Amino acid sequence: MNGFEGLWGYLVLVLVGFLPADIWRLLGVIIGGGLDEESELLVWVRTVATAILAGVIAKILFFPPGSLAAVPLSVRLAAITCGFAAFLLARRSAFIGLAVGEGVLIAVGYLVVR
Amino acid sequence: MSSSDAEREPKQEPLSAWSAFFAGLRASYLSVFVFVLVGTYVGIAALAQDYGFSLGWVMASTVLVWAGPSQVILISALGAGASLLETAIAVGLSCVRFLPMVVALLPMMRGPKTRTHDLLLPAHFTAASMWVESFRLLPGVPPERRVMYCNGLGVGFMSCGLIGCVIGYFLTASLPPLLTAAMLFLTPMSFLISTARNARTLADRCALVLGLIVLPLLVYWDVGLDLMWTGIIAGTAAYGVHRWQRARR
C-alpha cells in the first residue's frame, strides 16, 4: 500500500511517467533532423540527467527501501565500492562488477544481519 | 521491390510486413540485451514491490515509459513520497536523451513510403537496447521494411523487460530478507556501472560523482525536491567543467 492503488495509480503513471518520457520521442519524430548533438543545451541536459541518475543511486544506497535498510549502511557502501572497483579492474566488465558487489553484500550481510 | 535491389542482395527474399516484424522479433531474442533487460527489470520490479506498487502497475510502467533508469527514478520518487511535479520533472529530464536518439535513428528507419505516423511506434520503442541494435542490424533490412523490423525488435525487447518484471516481483515477495535486499541492491549497483560506462566525457563523469555526493547532503539538510536540485546543481557544475575544458583548448 503506497497511495498509488487502482485507477489513480495508473493516472499518475501516465501523467508523471508516460507523458514526460514520450514527449521527447515525439519531438524527435517531429524535429526529424538537423539537430546538433554537440549543442551546449544538449551537453547541459546530459550532465543534468546523469546527475539525477547519480542522485537516484545515492538515494537507494543511503535511504533504501524496506528490505535493503536491514543491511547496515557500512555494508551497502562496502559492497558498492567493491563492485565498482571490480568493474574497473576487470576491464570494465559490468557482469563481474555486479557479481562482486552482490557477493560482498550477501556474504557480509549474512554475517552481520544474523 | 525493384530488380536491382534483388540483384544487389541475391539471398534476400522480398520481405512481407509481418515477416519483417518476426525477423526483428527473432533478432531481439538473439541479442545480448536479453540478459541486460531481464536483469535490469528484475531489479526494477523488486524495487517497485518493496515500495508497494502492484505488478500490473510495474508492467504498465514498463510498456508506457520503456526506459529503465527513468522507471527507477519514477518508482523511487513516488515510493518515497516526492511530489508529482518533481517526479515528472525528474523523469522528463532523464528522458531528454531520447530526442537526439530518435533524431539519429530516423534517417535509417525511413523508407520511400514511410509516413510520419508510422514512426511513432518505433520512436516509442527507442531506448538504449533498440537504438544500439538498430544501428547494427538495420543496414541488412530492406528500407521499406525497417519500421516493421524495428517494431519487432521493440516488442521483443519489451517482452524481455516484462518477463524480468514478473520474475523480480515474485522473487522479491518470496525470498528471505537478505536475498530480497540483494535484489534491491541490483539497481544501484548495475546503474552505477552502466552510468559510469556511458559517461565518456569528463563533464559526464563529474556529473556522476557530484550527483552521488550532492543528493545525500540535500537530504541531510532537509532541502525539498532533492532529486531535481541534485540534477540542477551537480549537472550545472559538471557542465561548468565542460565549459572550462573547452575554454582551455
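The values are calculated or read from the model by the stated rules, or taken from the named source; none is laboratory data. The structure displayed is predicted, hence computed values, not measured ones. Cβ: placed from backbone, ideal geometry, glycine included. Neighbour counts: every protein chain shown.
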* Within region A:30-48, is even one residue in contact with a Cys (Cβ under 8 Å, 6 or more places away or on another chain) and without any contact (Cβ under 8 Å) to a residue 24 or more places away in the chain? -> yes
* Please specify each residue of region B:118-157 satisfying the condition of being modelled with pLDDT of 90 or more, under 21 Å from B:Val96 (Cα atoms) and surrounded by fewer than 17 Cβ atoms within 10 Å (Cβ to Cβ). => B:Leu120, B:Leu121
* Asked: Where residues in region B:196-223 are among the small types (Gly, Ala, Ser) and touching a residue at least 24 places away in the same chain (Cβ under 8 Å), which of them is farthest from B:Ser94 (Cα to Cα)?
  -> B:Ala203
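Residue-by-condition table, conditions (1) over 27 Å from B:Ser54 (Cα atoms); (2) facing another protein chain (nearest Cβ under 7 Å):
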| residue | (1), (2) |
| --- | --- |
| A:Trp8 | no, no |
| A:Val12 | no, yes |
| A:Asp22 | no, yes |
| A:Leu42 | yes, yes |
| A:Ala51 | yes, yes |
| A:Leu61 | no, yes |
* **B:Val38 vs. criteria modelled with pLDDT of 90 or more, surrounded by fewer than 22 Cβ atoms within 10 Å (Cβ to Cβ) and within 21 Å of A:Ala94 (Cβ to Cβ)** => yes
* Return yes when B:Leu137 is part of a helix (DSSP H, G or I) and more than 30 Å from A:Ala70 (Cα to Cα) and no when it is not. => yes
* Only one of (1) without any contact (Cβ under 8 Å) to a residue 12 or more places away in the chain; (2) within 15 Å of the chain's Cα centre (by Cα) is not met by B:Leu120, so which one is it? -> (2)
* Could you list all residues from region B:194-213 that are more than 7 Å from every other protein chain (Cβ to nearest Cβ) and part of a helix (DSSP H, G or I)? => B:Ala196, B:Asn198, B:Leu202, B:Arg205, B:Cys206, B:Val209, B:Ile213
* Taking the stated definitions as given, is B:Gly43 of a type in the set (Gly, Ala, Ser), within 26 Å of A:Ala99 (Cβ to Cβ) and over 13 Å from the mean Cα position of the chain (by Cα)? -> yes
* Structure fact -> Per the list (1) at pLDDT below 95; (2) more than 19 Å from B:Phe98 (Cβ to Cβ), residue check on A:Leu77 breaks on (1)
* Looking at (1) among the small types (Gly, Ala, Ser); (2) at the interface with chain A (Cβ under 9 Å from one of its Cβ atoms); (3) surrounded by fewer than 24 Cβ atoms within 10 Å (Cβ to Cβ); (4) touching a residue at least 60 places away in the same chain (Cβ under 8 Å), which is the one condition that is false for B:Ala77? -> (3)
* To do: Return yes or no: is A:Ala70 within 7 Å of chain B (Cβ to nearest Cβ) and surrounded by fewer than 22 Cβ atoms within 10 Å (Cβ to Cβ)?
  => yes
